[in-house]
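Working notes, structure below.
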Amino acid sequence: MNKIVVIGLGSFGMNLIKTLSKKNIELIAVDINKDRVNEIKDLATQPVTMDATNKDNLKSLGLKDVDCVVVACGPNLEASILIVHLLSEIGINRIIAKALTEDHERILSLVGANEILFPERDIAVKLANQLVSPNLMDYIPLESGFVIEELAPPDFFIGKTLEQISMRKKFNINVIGIKQIIPDMSSPDSIPDTDSGLTLNPGGNFLIKDSDILIVLGTIEAVEKLHTKLNSKT
Ligand code: ADP
C-alpha cells in the first residue's frame with residue numbers, strides 16, 4: 001500500500017487529503033495547528049499535530065517506507081524550505097513542495113525538492129493560454145518541450161475525418177485520443193474504447209463532430225503554430 005505524508009493543511013493540503021482519503025493508501029497528515037489537524041482527523045490514517053521544522057518530530061513519523069512527502073506550508077516560506085531540507089537529509093526519495101514565488105521555487109529545488117508545484121503561476125499561465133485560444137480546453141506540459149492538449153474542434157474540422165484534417169502532416173501534431181460527449185455508435189471507426197466515450201489512437205476514418213474533444217500531442221512550437229492557425233480562422 002502507498003504511504004503518503006502531507007505537511008501543511010491549508011486549502012491546498014486539505015484538498016489533497018480529501019482526495020487521497022478516497023484512495024486505498026496510508027495517509028499521514030501533519031500541521032502545527034491542531035484545529036486544522038482536527039478538521040481532517042477522520043480522513044487521514046495518522047493525523048499529527050507538530051512543528052515539522054523539527055528534525056526529531058519528522059523522524060518520529062517513521063518515514064522510512066514513505067513513498068512521497070508533500071510540503072505545502074503556505075506563506076511560511078522559511079518553514080517549507082527548512083522542512084524540505086530536513087526531509088532530504090533524512091533521505092526521502094520523493095519530496096514535492098509547493099512554491100509561492102520564483103525565488104521560493106529555486107530555493108526549494110536547491111535544498112532537495114524533487115518536484116515543485118507553483119499553482120498560482122501554473123493556473124494563471126493556463127488561463128492566459130485559454131483566453132487567447134478559445135479552442136484550448138486543457139493542457140498538460142510534459143518534459144522536454146512536449147505538451148498534451150484538449151481541443152474543441154474548430155468549425156472547419158467538423159464533418160471531416162482525421163485523415164482529411166491531417167494534423168500530423170500539416171502541424172506535426174498527433175491526435176492521440178478523442179473524447180466523445182455524444183458517442184457515435186453507428187460506425188465501427190467511432191465506437192469509443194471506454195464507457196466514458198474515449199477512443200485512444202483513433203484511426204484516420206474517425207469523423208469529427210462538434211461535440212467531440214480532441215486530445216493532441218506535440219511540441220510547444222507545433223501546438224502554438226496550430227493555435228495561431230485556429231485563431232486566424234475563427
Ligand atoms: P495554502 O493556501 O498554500 O494551503 P495556508 O497558509 O492556508 O496555505 O496553509 C499552510 C499550512 O501550513 C497552515 O495550516 C500552517 O499551520 C501549516 N504550517 C506552517 N508552518 C508549519 C510547520 N512548521 N509545521 C507544520 N505545519 C506548518
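In this structure, residue 143 does not satisfy being within 16 Å of the ligand (Cβ to nearest atom) and either among the charged types (D, E, K, R) or buried (at least 16 other Cβ atoms within 10 Å of the Cβ) (or both).
The residue pairs whose first member lies in region 154-166 and is within 16 Å of residue 136 (Cβ to Cβ), whose second member is at pLDDT below 95 and surrounded by fewer than 16 Cβ atoms within 10 Å (Cβ to Cβ), and whose beta carbons are closer than 7 Å, counting only pairs six or more residues apart or on different chains, are 154/233; 154/234.
State whether one or more residues within region 207-222 are in contact with a Pro (Cβ under 7 Å, 6 or more places away or on another chain) and either farther than 17 Å from residue 160 by Cα or of a type in the set (Lys, Arg) (or both). Scanning region 207-222, I find no residue that is in contact with a Pro (Cβ under 7 Å, 6 or more places away or on another chain) and either farther than 17 Å from residue 160 by Cα or of a type in the set (Lys, Arg) (or both), so the answer is no.
Can you pull out the residues in region 43-77 that are within 12 Å of the ligand (Cβ to nearest atom), in a helix (DSSP H, G or I) and without any contact (Cβ under 8 Å) to a residue 12 or more places away in the chain? 57, the sole residue that qualifies. Entry remark, region 80-115: residues being surrounded by fewer than 18 Cβ atoms within 10 Å (Cβ to Cβ), within 22 Å of residue 140 (Cβ to Cβ) and of a type outside the set (D, E, K, R) number 2 in total.
Among the residues of region 19-42, those identified as surrounded by 12 or more Cβ atoms within 10 Å (Cβ to Cβ), farther than 13 Å from residue 71 by Cβ and within 13 Å of the ligand (Cβ to nearest atom) are 33, 34, 36, 37, 38, 39, 40.
Residues checked against (1) modelled with pLDDT of 95 or more; (2) within 28 Å of residue 214 (Cβ to Cβ); (3) touching a strand residue (DSSP E or B) at 6+ places or on another chain (Cβ under 9 Å):
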residue: 63; (1), (2), (3): no, no, yes
residue: 74; (1), (2), (3): no, no, yes
residue: 82; (1), (2), (3): yes, no, no
residue: 95; (1), (2), (3): yes, no, yes
residue: 108; (1), (2), (3): yes, no, yes
residue: 113; (1), (2), (3): yes, no, yes
residue: 120; (1), (2), (3): no, no, no
residue: 137; (1), (2), (3): no, yes, yes
residue: 142; (1), (2), (3): no, yes, yes
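Among the residues of region 78-113, those identified as assigned to a helix (DSSP H, G or I), away from the ligand (no atom under 13 Å from the Cβ) and either among the charged types (D, E, K, R) or in contact with a helix residue (DSSP H, G or I) (Cβ under 7 Å, 6 or more places away or on another chain) (or both) are 89, 90, 102, 103, 105, 106, 107, 108.
The values are calculated or read from the model by the stated rules, or taken from the named source; none is laboratory data. These figures come from a predicted structure and were not determined experimentally. Note that each Cβ is placed from the backbone with ideal geometry, even for glycine, and that neighbours are counted across all protein chains shown.
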